[in-house]
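First up is the structure itself, then whatever we jot down about it.
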Amino acid sequence: MRRIALAAAVSVVVLGQSVAGMAATTLRFAHANNTGEIATDLYADFARRVGERSNGELTIQVFPGEQLGKEVELLQQAKAGAIDITASSMPTASTLVPSLEMPSAPFLWRDWNEAQAIILSDAMQPAFDELAEQHNIVPLTKIWYWGWRNFTFLETEVREPSDMVDLKLRVPEAPVWVEMVRAFGGAPTPIPFGEVYSALQQKVVDGQENPIPTIYSRKFYEVQGVLSMTRHMLQNNMILMNQASFDRLSPELQRILLEEAQKASALNTFIQQGRETAMLEDIRASGRVTIIDQPDREAFGALMQDAYPKMAERWGQENFKRLQEAVAALRAR
């Protein structure tokens, strides 16, 4: 009886240590989005749902609003394991794997369904393999719809590329934007995102480009008189995780993470696309902005054909060829 009692006591201690160990598993999720942005709310909800589904075995501590660093810095921290999870745009992730910039190629896609299908296909998988093998990062979701980017201008009504010649355009500090604006005849001017509003207000540049939710929430339309609906570039983000942190989890916890990230992604796409429409109508109703609904997208797109070869040198010629072939095959169905 004493042996049975001792065995039972040992079992209780071991079980208690196991449960305590699982309960102590905390992941650090840092991102750059601010309070009030839909992504911030969805990331918080993602963390809550993971905690509930794991019965407290897995906790995600969220650090929004660049608390732990800017987007590129957070990506590096995820690679090093200083944080476990981050949210990154594909162009930011291309600082590690250049071919991850390909889905941001201007005038590449007809619509979101086409883009989503190709991003999730074998055509892009080598880029994600490289991210894991060379940089210790795996995607929890490869899709996080942010929106189609459009140009705004101080006063010039840009309907075709010739209207953009010699205009100074703020661009992110990434090659694809610089090469795109140069192809259109403009003067690309890299400015940090946090300084865009003041640069527009002070007329340091003539215009900028961003998705409608960003133009709306950051109130760029207050200091710009023209919005040209070029829909020239897709912004797609991802939720990325340090692979070593992911591998340490049990298969069940890995499954919960992946499922909840993908649920959050689907909800984000639904909400963001609805918000795009509603926000555009609010901008239109403000009366502050002339909206050009039908710029000559074909003329802009034609100029990009000459710019693609230079971009493909950075992405890898074979990578871009594989992507273009996948797009062509999809359209031929």
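Checking the structure you have, find out if any residue of region 239-262 is modelled with pLDDT under 95 and surrounded by 14 or more Cβ atoms within 10 Å (Cβ to Cβ). Please lay out each step first, then the result.
Our first condition is that a residue be modelled with pLDDT under 95; within region 239-262, this holds for none.
Checked region 239-262: no residue is modelled with pLDDT under 95 and surrounded by 14 or more Cβ atoms within 10 Å (Cβ to Cβ).
So, Ala23, is that one surrounded by fewer than 12 Cβ atoms within 10 Å (Cβ to Cβ) and at pLDDT below 50 or not?
On the way: surrounded by fewer than 12 Cβ atoms within 10 Å (Cβ to Cβ): no; at pLDDT below 50: yes.
For Ala23, the condition - surrounded by fewer than 12 Cβ atoms within 10 Å (Cβ to Cβ) and at pLDDT below 50 - is not met.
So which pairs qualify, if the first residue must be in region 281-307 and touching a residue at least 24 places away in the same chain (Cβ under 8 Å), the second must be assigned to a helix (DSSP H, G or I) and charged (D, E, K, R), the Cβ gap must be under 8 Å, and the two must be at least 6 apart or on different chains?
Hits for this filter: Arg288/Glu222; Ile291/Arg284; Ala307/Glu179; Ala307/Arg182.
Which of the numbered conditions does Gln254 fail, given that it passes all the others? Conditions: (1) farther than 28 Å from Thr214 by Cα; (2) touching a residue at least 12 places away in the same chain (Cβ under 8 Å).
Here Gln254 meets the rest and fails (2).
Would you mind telling me which numbered condition in (1) touching a residue at least 40 places away in the same chain (Cβ under 8 Å); (2) open to solvent by 10 Å² or more (accessible area, probe 1.4 Å) Phe270 fails?
(1)
Across region 312-323, what is the total count of residues that are over 21 Å from the mean Cα position of the chain (by Cα), assigned to a helix (DSSP H, G or I) and surrounded by 17 or more Cβ atoms within 10 Å (Cβ to Cβ)?
First pass over region 312-323, keeping only residues over 21 Å from the mean Cα position of the chain (by Cα): 313, 316-318, 321-322.
Filter once more, keeping what is assigned to a helix (DSSP H, G or I): 313, 317-318, 321-322.
Now restrict to residues that are surrounded by 17 or more Cβ atoms within 10 Å (Cβ to Cβ): 322.
Residues in region 312-323 being over 21 Å from the mean Cα position of the chain (by Cα), assigned to a helix (DSSP H, G or I) and surrounded by 17 or more Cβ atoms within 10 Å (Cβ to Cβ): 1 in total.
A quick yes/no check of all residues on (1) closer than 30 Å to Gln262 by Cβ; (2) of a type outside the set (S, T, N, Q); (3) out of contact with any His (no Cβ under 6 Å at 6 or more places or on another chain):
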| residue | (1), (2), (3) |
| --- | --- |
| Val181 | no, yes, yes |
| Phe193 | yes, yes, yes |
| Val204 | no, yes, yes |
| Pro213 | yes, yes, yes |
| Phe220 | no, yes, yes |
| His232 | yes, yes, yes |
| Asn236 | yes, no, yes |
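When you scan region 155-220 for helices (runs of 4 or more DSSP H) that lie fully inside it, which ones turn up with 1 or more residues that are open to solvent by less than 10 Å² (accessible area, probe 1.4 Å) and more than 20 Å from Ser104 (Cβ to Cβ)?
On the way: elements: 175-183, 196-201, 212-217.
Here the list reads 196-201.
Looking at Thr290, Thr277, which is the one that is farther than 26 Å from Leu74 by Cβ and loosely packed, with under 12 Cβ neighbours inside 10 Å?
Details: Thr290 fails: loosely packed, with under 12 Cβ neighbours inside 10 Å.
Just a single option satisfies the conditions, and that option is Thr277.
Answer yes or no as to whether Glu114 is surrounded by fewer than 18 Cβ atoms within 10 Å (Cβ to Cβ), touching a Leu at 6+ places or on another chain (Cβ under 8 Å), among the acidic types (Asp, Glu) and in contact (Cβ under 8 Å) with a residue 60 or more places away in the chain. Even if it seems obvious, please write down each step before you answer.
On the way: surrounded by fewer than 18 Cβ atoms within 10 Å (Cβ to Cβ): yes; touching a Leu at 6+ places or on another chain (Cβ under 8 Å): yes; among the acidic types (Asp, Glu): yes; in contact (Cβ under 8 Å) with a residue 60 or more places away in the chain: yes.
So Glu114 passes the test.
In region 293-311, what residues are within 29 Å of Thr277 (Cβ to Cβ) and either open to solvent by 90 Å² or more (accessible area, probe 1.4 Å) or in contact with a Leu (Cβ under 6 Å, 6 or more places away or on another chain) (or both)?
Passing the criteria: Gln294, Glu298.
What about Leu120, is it in contact (Cβ under 8 Å) with a residue 40 or more places away in the chain, of a type in the set (A, V, I, L, M) and out of contact with any helix residue (DSSP H, G or I) (no Cβ under 8 Å at 6 or more places or on another chain)? I'd like the intermediate steps shown before the answer.
Values: in contact (Cβ under 8 Å) with a residue 40 or more places away in the chain: no; of a type in the set (A, V, I, L, M): yes; out of contact with any helix residue (DSSP H, G or I) (no Cβ under 8 Å at 6 or more places or on another chain): yes.
For Leu120, the condition - in contact (Cβ under 8 Å) with a residue 40 or more places away in the chain, of a type in the set (A, V, I, L, M) and out of contact with any helix residue (DSSP H, G or I) (no Cβ under 8 Å at 6 or more places or on another chain) - is not met.
Counting only residues that are open to solvent by less than 20 Å² (accessible area, probe 1.4 Å) and of a type outside the set (A, V, I, L, M, F, W, C), which one in region 35-50 is farthest from Glu259 (Cα to Cα)?
Looking only at region 35-50, we keep the residues that are open to solvent by less than 20 Å² (accessible area, probe 1.4 Å), and these are 39-40, 42-43, 46-47, 50.
Now restrict to residues that are of a type outside the set (A, V, I, L, M, F, W, C): 40, 43.
Values: Thr40: 18, Tyr43: 14 Å.
If we take residues in region 35-50 being open to solvent by less than 20 Å² (accessible area, probe 1.4 Å) and of a type outside the set (A, V, I, L, M, F, W, C), then Thr40 is farthest from Glu259 (Cα to Cα).
How about region 63-82: which of its residues are open to solvent by 60 Å² or more (accessible area, probe 1.4 Å) and acidic (Asp, Glu)?
If the condition is that a residue be open to solvent by 60 Å² or more (accessible area, probe 1.4 Å) and acidic (Asp, Glu), then Glu66, Glu73 are the ones that fit.
The values are calculated or read from the model by the stated rules, or taken from the named source; none is laboratory data. Since the model is a prediction, treat every value here as computed from it, not as a measurement. Reconstructed Cβ throughout: ideal geometry from the backbone, glycine too, with neighbour counts over all protein chains shown. Calculation scope for accessible area: heavy atoms of the full protein, side chains included, ligands and nucleic acids excluded. Shrake-Rupley method; radii C 1.70, N 1.55, O 1.52, S 1.80 Å.
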